[in-house]
Amino acid sequence: MNNKNMGLSSPLFNQQKGTHVCGESQAPPMNIVARDPAPTAADFRTLTHMASAVDWNLSAIVPAKAKAVILRVKLQDYTVGSYYAVFRHDVATDMCKLWTQAANAWTSQIMACPIGTDGIIMHQVFDANGSPAAVSNLSVTVVGWLEPMDGQP
C-alpha cells in the first residue's frame, strides 16, 4: 500500500508535528504502520440496523502496543446528516465521526481513531438527530495503526 492510499499526505499524518488522532488534540509523535498484507475485503460489514453500539475486538489485527487504528470507512445511508461514530471501548464519548453528504450516496474516509488498552472499539451509525439509524450499507476496513515511536510510552 502506498502513501497516497493511506492518506499520508493529509494533515492527519504530519510526522513533523506529531500524528493527530481523532479526539486527541495533543497527540505524541507516532509511527504509522500499514497492515501487511493489505486487506482484500472489509473487516466489518453490515446492511442492518445498529440499534446499539457494537464492540469490535481488534486484537487479532492490531498489536497490543497500538494507540490508534486507521480505518477506511464507507457509508451509504438513506438520509443526509447521519453519521458513523467510533468510540474507545473504555470511553462512552464518540471520538471519530464520518457524516453522510447526500441521501443514498457513498461517503468514505480514512480515519485514525484511538483504541483502548483492551484492543476493543465500539462503533455505531446514528441519524441526524443522534438516534440509532438503519444502515443501508457500512463497510469498515483496518488499513493500519499508530504505535508509539521508540522511547515513547
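What follows draws every value from the coordinates through simple rules; no lab data is involved. Since we're looking at a predicted model, the values are computed, not measured. In this analysis, Cβ positions are derived from the backbone assuming ideal geometry, glycine residues included, and neighbour counts consider all displayed protein chains.
Okay, here's what the table says:
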read-out: Candidate aspartates and glutamates - alpha carbon under 18 Å from residue 65, same-chain residues fewer than 8 apart omitted; value: 24, 36, 90, 118, 147, 150
read-out: Net charge of Cβ neighbours under 9 Å - reference residue 120; Lys, Arg +1; Asp, Glu -1; value: -2
read-out: Ranking of 106, 145 by count of other Cβ atoms within 10 Å, fewest first; value: 106, 145
read-out: Per-residue Cβ neighbour rank within 10 angstrom, fewest leading, 126, 87, 44; value: 44, 126, 87
